[in-house]
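*Asks:* One structure, pasted below without further comment.
The values are calculated or read from the model by the stated rules, or taken from the named source; none is laboratory data. Since the structure is predicted, the reported quantities are computational estimates derived from the model, not experimental observations. Neighbour counts run over all protein chains shown; Cβ positions are idealised from the backbone, glycine included. Only protein heavy atoms, including side chains, enter the accessible area calculation; ligands, DNA and RNA are left aside. Shrake-Rupley method; radii C 1.70, N 1.55, O 1.52, S 1.80 Å.
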Amino acid sequence: MPDQTQMATLQSAGADMPAARRKPNAATQARIADISTLIARVGRRNQLLVKITTEDGLIGWGESGLSGRELSVAATVEHYAGFLKGQDSRNIGRIWQESYRSQYFEGGRVLTAAISAIDIALYDLLGKRLGVPVYQLLGGKQRDVIPTFGTTMGTTKAQQLKDVALLVEQGWTCIRTYPGSFDEGEVFDPRATLSETAQELMAIRAEFGNKITLGVDMHHRYSVAEAADFCAMMPKGTLNFIEEPIRSETPEAYAALRKLTDVPFAVGEEFASKWEAARFLDAGMTQYMRLDVSNIGGFTEAMKVAGMSERHYVDVMPHNPLGPICTAASVHMSAAIPNFSWLETRQTAVEKLGYHDASLFPKQIEMQGPVYLLPDEPGLGIEVNEDALREQKPELVEAPHLKRPDGSVTNW
């Protein structure tokens, strides 16, 4: 142990050492210098990105999942930036807790969408700082590629069959349909659509047999009775899963529906916390966990929900309807968990949505047929053309305000 005289000598020598030879203060370099938001029109939607810059100039990117309410999320990020600037960007778990617990009214989708984007950006930063892909920070990869499911976009039975044929030809074995009748104007009659959608699904099953896993996204437009009637219209085995048949605010409603059908449920894209997810998992109300890493609270919360799902033998089927940053985050999370089924992709030949514009995101997670390839680059493995993105001015996007035939409001 050096005595006080020796310590003074060592400190003096350090002070006289040329700046180039001093070891940089890692904690100082990793401090958050700036947090900003960028809202841009990409394809058919706006994307809300969060950019975090540290004292040493390193940049991390995140994406919020609350489409259509970007201004609310951006304002929340501004609130958080007030107390996050100056903090060590490596303390990701602590930052999550402070962001969630620092107000009396904690939680909710707007707040967790903001936390999600910040959390993803912090993981991107940490991966870059340590020189490793994000999935290594989550425990390492458990698979070499990430299987996906494709979605049909046809508005008629004939087009649905054509879409499925193309997806099967290109290697997809899990396919989700989106009922063709969903986009026909502003009037939506739930009962009138049920038989038509059931006929589409029976035709697909008859044409392609059991070589595909077949699901349908009902976009939480129905009541318990309507969803039960829909499932009863089809022969047993037609559907492998039904996604979001009713809204998720009331788990007891799903419990009632569970007693009326044996079709597996895929629920969870609306969840904004592990507490919401737990109610469904503990009651057996979802057989596929559809968590969204850009809504539920980023990697920090998503990994906890994946662990809770594993306890119940429920596979994660992540929601991924956004841009390249959300896709990258979803791929890294999917690589690191044991209980995984398929990741949603909106990049198939039957969907021309424009969300992954290569001129705006020159480096993205690559696809090879129906799978995403795992990146080796540090962080998320994406590059953002920020100047070009800032030229993509956001547009006012409002989801259709649907009405029933009698004029009353219904779900979109």
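*Asks:* From the list 310, 243, 249, pick out the single residue that is at pLDDT 95 or above and open to solvent by 10 Å² or more (accessible area, probe 1.4 Å). Talk me through it step by step, then tell me what you get.
*Replies:* On the way: 243 fails: open to solvent by 10 Å² or more (accessible area, probe 1.4 Å); 249 fails: at pLDDT 95 or above.
Among 310, 243, 249, only 310 is at pLDDT 95 or above and open to solvent by 10 Å² or more (accessible area, probe 1.4 Å).
*Asks:* Considering (1) under 24 Å from residue 319 (Cα atoms); (2) at pLDDT 95 or above, say which one residue 153 fails and leave the rest.
*Replies:* Here residue 153 clears every test but (2).
*Asks:* How many of the residues making up the stretch 234-257 are in a loop (DSSP other than H, G, I, E, B), over 19 Å from residue 193 (Cβ atoms) and not polar (S, T, N, Q)?
*Replies:* The total comes to 4.
*Asks:* Moving on to the next point. Quick check on my filter: what residues within the stretch 202-233 are assigned to a loop (DSSP other than H, G, I, E, B), within 20 Å of residue 157 (Cβ to Cβ) and open to solvent by 20 Å² or more (accessible area, probe 1.4 Å)?
*Replies:* 219, 233
*Asks:* Pairs please, first residue from the stretch 128-140 and closer than 18 Å to residue 89 by Cβ, second anywhere and of a type in the set (D, E, K, R), Cβ atoms under 7 Å, 6+ apart in sequence or on different chains.
*Replies:* Close Cβ pairs satisfying both conditions: 133/376; 133/377; 134/124.
*Asks:* Let me ask something else. Of all residues in the stretch 359-400, how many are part of a loop (DSSP other than H, G, I, E, B), closer than 14 Å to residue 328 by Cα and open to solvent by 60 Å² or more (accessible area, probe 1.4 Å)?
*Replies:* Going through the stretch 359-400 one residue at a time, the tally reaches 4.
So that you can scan it fast, the table gives a plain yes or no per residue for (1) modelled with pLDDT under 95; (2) open to solvent by 40 Å² or more (accessible area, probe 1.4 Å); (3) in contact with a Phe, Trp or Tyr (Cβ under 6 Å, 6 or more places away or on another chain):
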{"site": "97", "(1), (2), (3)": "no, yes, no"}
{"site": "106", "(1), (2), (3)": "yes, yes, yes"}
{"site": "125", "(1), (2), (3)": "no, no, no"}
{"site": "142", "(1), (2), (3)": "no, yes, no"}
{"site": "157", "(1), (2), (3)": "yes, yes, no"}
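Here's the yes/no breakdown for (1) in contact with a strand residue (DSSP E or B) (Cβ under 6 Å, 6 or more places away or on another chain); (2) open to solvent by less than 70 Å² (accessible area, probe 1.4 Å); (3) closer than 14 Å to residue 370 by Cβ:
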site	(1), (2), (3)
150	yes, yes, yes
154	no, yes, no
164	yes, yes, yes
178	yes, yes, no
182	no, yes, no
190	no, yes, no
198	no, yes, no
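*Asks:* May I ask you to list pairs of residues, at least six apart or on different chains, whose Cβ atoms are under 8 Å apart, with the first in the stretch 64-81 being under 10 Å from residue 113 (Cβ atoms) and in contact (Cβ under 8 Å) with a residue 60 or more places away in the chain and the second being of a type in the set (Ser, Thr, Tyr) and not in a loop (DSSP other than H, G, I, E, B)?
*Replies:* Cβ pairs passing all conditions: 64/116; 65/116; 66/72.
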